[in-house]
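Reading through the structure tokens given below for one structure.
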Amino acid sequence: MKLTSPAFPHNGKIPGKYTCDGANVNPPLTIEGVPPAAQSLVLIMDDPDLPQFVKEKYDLQVWDHWLVWNIPPTTKEILENQNPPGLLGKNTGGKNAYGGPCPPDREHRYFFKLSALDTMLNLPEGSTKAQVGKAMMGQVLAQAELVGRYERVK
């Protein structure tokens, strides 16, 4: 399975448009090679490069930016500024929405993780990444990852 974006290459710079310094809309994504047995897809975007003061203030290790599950496995692309069909989870900012990169200190890496599952997840909209992760256990058929980088202009 493969996850790419026409807006930036793997390990490349995420354009400002997709961040808190721009329009703060999700970038377009392209999905390839979903296993035929997949019943749904899960998309998670997070940032593990938090500075210590953010980890301590919010008591967390990773900032969750976007969480969508029960995406149809036939989905081939996610358009710019458009959530894919599915259920939205609660990001660390407390919203059921995409929250663009907004690093407070330096360049951060943003991981777009796509998982193909052999089931649909029986979770309500607004569930957290921890709840989705627990429900996904033992259900993952394939995974793909796209990493983008962003540093705010000072």
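Checking every residue in segment 10-25 against the condition of being more than 18 Å from residue 152 (Cα to Cα) and either under 15 Å from the mean Cα position of the chain (by Cα) or part of a strand (DSSP E or B) (or both) gives at least one match. Residues in segment 74-97 that are surrounded by fewer than 21 Cβ atoms within 10 Å (Cβ to Cβ), under 12 Å from the mean Cα position of the chain (by Cα) and part of a strand (DSSP E or B): 88 alone.
Per-residue answers, yes or no, for (1) outside any helix (DSSP H, G or I); (2) farther than 22 Å from residue 81 by Cβ:
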position	(1), (2)
35	yes, yes
45	yes, no
49	yes, yes
54	no, yes
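State which residue is nearest to residue 127 (Cα to Cα) when the search covers only segment 35-68 and only residues that are surrounded by fewer than 21 Cβ atoms within 10 Å (Cβ to Cβ) and of a type in the set (Val, Ile, Thr). Ranking the qualifying residues of segment 35-68, first place goes to 62.
Let's see how each residue does on (1) assigned to a loop (DSSP other than H, G, I, E, B); (2) surrounded by 15 or more Cβ atoms within 10 Å (Cβ to Cβ); (3) at pLDDT 95 or above; (4) under 16 Å from the mean Cα position of the chain (by Cα):
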| position | (1), (2), (3), (4) |
| --- | --- |
| 99 | yes, yes, yes, yes |
| 109 | no, yes, yes, yes |
| 114 | no, yes, yes, yes |
| 126 | yes, no, yes, yes |
| 134 | no, no, yes, no |
| 138 | yes, no, yes, no |
| 146 | no, yes, yes, yes |
| 149 | no, yes, yes, yes |
| 152 | yes, yes, no, no |
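Taking segment 7-22 as the range and being touching a residue at least 24 places away in the same chain (Cβ under 8 Å) and charged (D, E, K, R) as the test, the residues that pass are 13, 21.
Considering 147, 140, 132, 153, which residue is aliphatic (A, V, I, L, M) and closer than 17 Å to residue 17 by Cβ?
Working: 147 fails: closer than 17 Å to residue 17 by Cβ; 140 fails: closer than 17 Å to residue 17 by Cβ; 132 fails: closer than 17 Å to residue 17 by Cβ.
One residue alone meets the criteria, 153.
Taking every residue in segment 135-154 that is free of Cβ contacts under 8 Å to residues at least 24 places away in the same chain and pairing it with any residue that is outside any strand (DSSP E or B) and of a type in the set (D, E, K, R), at least 6 positions away or on another chain, the pairs with Cβ-Cβ distances below 8 Å are 139/118.
The values are calculated or read from the model by the stated rules, or taken from the named source; none is laboratory data. Quick caveat, the model's predicted, so the values are computed rather than measured. Neighbour counts are summed over all protein chains in view; Cβ atoms, including those assigned to glycine, are modelled from backbone coordinates with ideal geometry.
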